Amino acid sequence: VFHGRILARRVVGQETRYEVEVKARYRHRFPLVSREYLWVPNTCGCPPLREAGEYLLMARRHVNHEHTLNRILLQDGGYARPWTPREARLVREAARHC
């Protein structure tokens with residue numbers, strides 16, 4: 001779970017790739033750097049994330065069996081909500097208990 005600002009969107013094959021500036025991390029299951037690519041497994045970019053928008057994102061690390069692919073994946077039913085201070089506070093509180 002992290003707070004990110006969308007820098008760019010690009011369709012690559014049958015997927016959508018977002019370049020994201022990571023603003024804050026709420027769960028530390030895997031390391032994130034200040035800029036990451038967030039992949040969505042469709043070309044419509046669903047959920048729709050607009051460039052320059054800030055979102056609270058719940059994604060997972062996807063590594064294939066050969067360990068040749070290591071990326072952050074936002075699944076179709078993934079959590080992507082516009083970031084607000086209230087959302088950030090709620091997630092911080094929940095992260096302390098989970």
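The values are calculated or read from the model by the stated rules, or taken from the named source; none is laboratory data. None of these values were measured; they are calculated from a predicted model. Counting neighbours? That spans all protein chains shown, and the Cβs are built from the backbone with ideal geometry, glycine included. Accessible surface areas use protein heavy atoms only, side chains included; no ligands, DNA or RNA. Shrake-Rupley method; radii C 1.70, N 1.55, O 1.52, S 1.80 Å.
Tell me whether the stretch 81-92 contains one or more residues that are touching a Gly at 6+ places or on another chain (Cβ under 8 Å) and loosely packed, with under 13 Cβ neighbours inside 10 Å.
yes
Any chance you could count how many residues in the stretch 26-47 are touching a residue at least 24 places away in the same chain (Cβ under 8 Å) and out of contact with any Leu (no Cβ under 6 Å at 6 or more places or on another chain)? Give the steps one after another, and end with the answer.
The first filter runs over the stretch 26-47 and keeps only residues touching a residue at least 24 places away in the same chain (Cβ under 8 Å), leaving 26-27, 29-30, 32, 35-47.
Next, only the ones that are out of contact with any Leu (no Cβ under 6 Å at 6 or more places or on another chain) stay: 26-27, 29-30, 32, 35-37, 41-47.
Qualifying residue count, the stretch 26-47: 15.
Scan the stretch 57-77 for residues that are open to solvent by 30 Å² or more (accessible area, probe 1.4 Å) and in a loop (DSSP other than H, G, I, E, B) and jot them down.
Within the stretch 57-77, N64, H65, E66, H67, T68, L69, Q75, D76, G77 meet the criteria.
Tell me, which strands (runs of 3 or more DSSP E) lie completely within the stretch 1-56 with 2 or more residues that are touching a strand residue (DSSP E or B) at 6+ places or on another chain (Cβ under 6 Å) and within 20 Å of L90 (Cβ to Cβ)?
Strands (runs of 3 or more DSSP E) meeting the threshold: 2-12, 15-25.
Would you mention how many residues in the stretch 16-38 are touching a Ser or Thr at 6+ places or on another chain (Cβ under 7 Å) and either open to solvent by 30 Å² or more (accessible area, probe 1.4 Å) or among the charged types (D, E, K, R) (or both)?
Just the residues of the stretch 16-38 that are touching a Ser or Thr at 6+ places or on another chain (Cβ under 7 Å), to begin with: 16, 21-22.
This time we only want the ones that are either open to solvent by 30 Å² or more (accessible area, probe 1.4 Å) or among the charged types (D, E, K, R) (or both), so: 21.
Number of matching residues: 1.
Determine whether the stretch 52-70 contains at least one residue that is within 18 Å of V11 (Cα to Cα), hydrophobic (A, V, I, L, M, F, W, C) and in contact (Cβ under 8 Å) with a residue 12 or more places away in the chain.
Among the residues of the stretch 52-70, at least one is within 18 Å of V11 (Cα to Cα), hydrophobic (A, V, I, L, M, F, W, C) and in contact (Cβ under 8 Å) with a residue 12 or more places away in the chain, which makes the answer yes.
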